[in-house]
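Reviewing the structure listed below.
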Amino acid sequence: RWLAVALVFSSFAHGVWTVGLVWEVFGLGGRATQLSVVSTASALGVIIPALLAGVVADRIPQKRILLSVAGVEALCMGGATLLSLAGLTSISALAAIAFIAGLAMAFYYPAYSARLPAIMAEEDLMAVNGLEGMVRPTVGQVLGPAVGGVVIGITAPAAAFAVVLGAGAGL
């Protein structure tokens, strides 16, 4: 149950983060090129350690990895929130934060995938995979971005980053 709740909060947070990041870049006067730099930094953060992340998930307790990922993401979102609230955000800072958050995310999926069969009965795995297949698109790609858009529309991207931080604290 805890892993399912963590999946929901994590998917929601990533949906809000995506929208907040876009509007923060545009709020800084950035255009598509600057947004591409930040998005590429995030993607590189995920891709670079991808093979290592699978090996680590096989050798280190997955729960420790998942908690470490949540901690790194909280630090990243806290940093983004504070920088944005203080008006100190820059494209390079956002790219660095996105890269580090991407590094953490690279370790999340292998650890999550390895942990599931270890804690679930074999006959329940199909139901769990169904839940995951429903949560990621509905919460991560619909609910999170929708809430992020509303929060940004009412306030500013910094508030969306704070929502991401709060969702991470909910883990």
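Any number yet on Rg/Rh for segment 17-60, C-alpha, Kirkwood? All intermediate terms of the calculation are to be shown ahead of the outcome.
Values: Rg = 14.5 Å, Rh = 12.0 Å.
Ratio value, two decimals: 1.21.
For segment 43-132, what does the relative contact order come out to in percent, with C-alpha contacts under 8 Å and a separation of six or more?
Worked out over segment 43-132, it gives 50 percent.
What FRET efficiency comes out for the pair Leu88/Gln141, r = Cβ-Cβ distance, R0 = 35 Å, nearest 0.05?
0.70
Accessible area per residue of the chain at 1.4 Å probe, in Å²?
Per-residue value: 53 Å².
I want to check the label-to-label distance for Lys63 and Ala169. Put each point 7 Å from Cα in the C-beta direction and report it in nm to one decimal.
Going by the 7 Å Cα→Cβ label model, 2.4 nm.
Quick one: compute the contact order of the chain, relative version, from alpha carbon pairs under 8 angstrom and 6+ residues apart, as a percent.
Relative contact order for the chain comes out at 48 percent.
Averaging over every viewing direction, what projected area does the convex hull of the Cα atoms of the chain cover, in nm²? Don't skip to the answer; put the middle values down first.
Values: hull surface 37.4 nm².
Reported value for the Cα convex hull: 9.3 nm².
Taking trypsin sites (Lys or Arg not before Pro) as exposed when DSSP calls them loop (any state but H, G, I, E, B) and at most 11 other Cβ atoms lie within 10 Å, what is the longest stretch of the chain free of them, the sites themselves excluded?
Working: sites that count: Arg1, Arg31.
That would be 32-171.
Nearest 10 degrees is fine. How inclined is helix 32-47 to the longest principal axis of the chain, computing both from alpha carbons?
For helix 32-47, the angle is close to 20 degrees.
What is the P(r) of segment 1-87, as percent of Cα-Cα pairs per 5 Å bin from 0?
3, 11, 16, 24, 20, 13, 8, 4, 1
So for the pair Ala96, Thr33, with labels modelled 7 Å out along Cα→Cβ, what separation do we get in nm?
Rounded to a tenth, the inter-label distance reads 2.2 nm.
How would you rank 102-109, 117-124, 83-90, highest first, on the average number of other Cβ atoms within 10 Å across their residues?
102-109, 83-90, 117-124
What spacing in nm lies between the two simple spin-label points modelled at Trp2 and Leu44, each 7 Å away from Cα in the Cβ direction?
Taking the two extended label points, one gets 3.6 nm.
The values are calculated or read from the model by the stated rules, or taken from the named source; none is laboratory data. Source: prediction; values computed, not measured. Reconstructed Cβ throughout: ideal geometry from the backbone, glycine too, with neighbour counts over all protein chains shown. When the accessible area is computed, the model is the full protein with side chains, heavy atoms only, and any ligands, DNA or RNA have been set aside. Shrake-Rupley method; radii C 1.70, N 1.55, O 1.52, S 1.80 Å.
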